[in-house]
Amino acid sequence: MKAFGVTIAALVLWAGMAAAQNITVGVTVAGTAGPWEWVNGGLNTAYPYTPAGSGSGDPGSPAAPSLISATNGFRFSVGDNLTISYVSGLVSYGGNGSPHVVANGDTNTLANGTTYDGGFPSNYMSPYPIYTAELVGTFAGSSGQIVGTPFAIGDLGTFTVPTGATQLQLGVNDNWYGDNSGSWTIQVTGPAVPEPTRTALVLIGLGSFGLTIRRCRRSVVR
């Protein structure tokens, strides 16, 4: 029976390790993408930036953010950590003459609490400094409603999933998106959704093993 207990413990440990494996996915973040959407009197009204949000199709409005969710194979459980890292690509944030930058943004142009032309997403983030055209993001619920506090990412950062979050939203820190261009390839690493088939097989195996042991004991008693 001691060997049986050791076997059970080993199988349970193996199942836990299988469920805890990480997954890494690449996502494209367009230079025109904002980190969240907002609508006057509706979605994320408390987090306005740029001339967007009226639904009028203003040319400065951002495109929808890039999303990471369970659809990409990620588990979104409170306390999970997601690591976000820049891989490649350049973004230009101001038409002709604007620098083409990596995910750290234009480190010569601060965007710390700036309200010019409707303001930047970084108005709701800390700590500073945060730069123009830096990679920024937020966790959100299924409707796109912000959960927790938006954050700056730059080239690399690790962030903890807050209560109520079902997706990660990524975009560019800017106050006018109509003249932006380019894109970044961003890599996100975090806990994978457990494989139900593998877990089920382990549990079935444990159940069958236990049933066999019981039958053997009954046979011996008789």
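Numerical summary
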| quantity | calculated |
| --- | --- |
| Volume per residue of the C-alpha convex hull in segment 105-165, rounded to whole Å³ | 88 Å³ |
| From phi via Karplus (6.51, -1.76, 1.60), per-residue ³J(HN,Hα) for segment 172-186 in Hz, x at Gly/Pro | 9, 7, 8, 10, 7, 9, x, 9, 7, 8, x, 6, 10, 9, 10 |
| Against the rule of thumb 2.2 N^0.38 Å, how large the Cα Rg of segment 130-187 comes out | 1.18 |
| 5 angstrom amide H check on Asp155, placed H, neighbours 5+ away | Asn104 |
| Convex hull volume of segment 39-188 per residue (C-alpha atoms, cubic angstrom) | 106 Å³ |
| Packing-based order for 67-79, 147-159, 28-40, 129-141, using average beta carbon neighbours within 10 Å, highest first | 129-141, 28-40, 147-159, 67-79 |
| Value of Rg to Rh for segment 60-99 (Rh from inverse mean 1/r over Cα pairs, i.e. Kirkwood) | 1.11 |
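Each value in this text was obtained by applying a stated rule to the coordinates, not by laboratory testing. Keep in mind that this is a model prediction, so the values were computed, not measured. Neighbour counts are summed over all protein chains in view; Cβ atoms, including those assigned to glycine, are modelled from backbone coordinates with ideal geometry.
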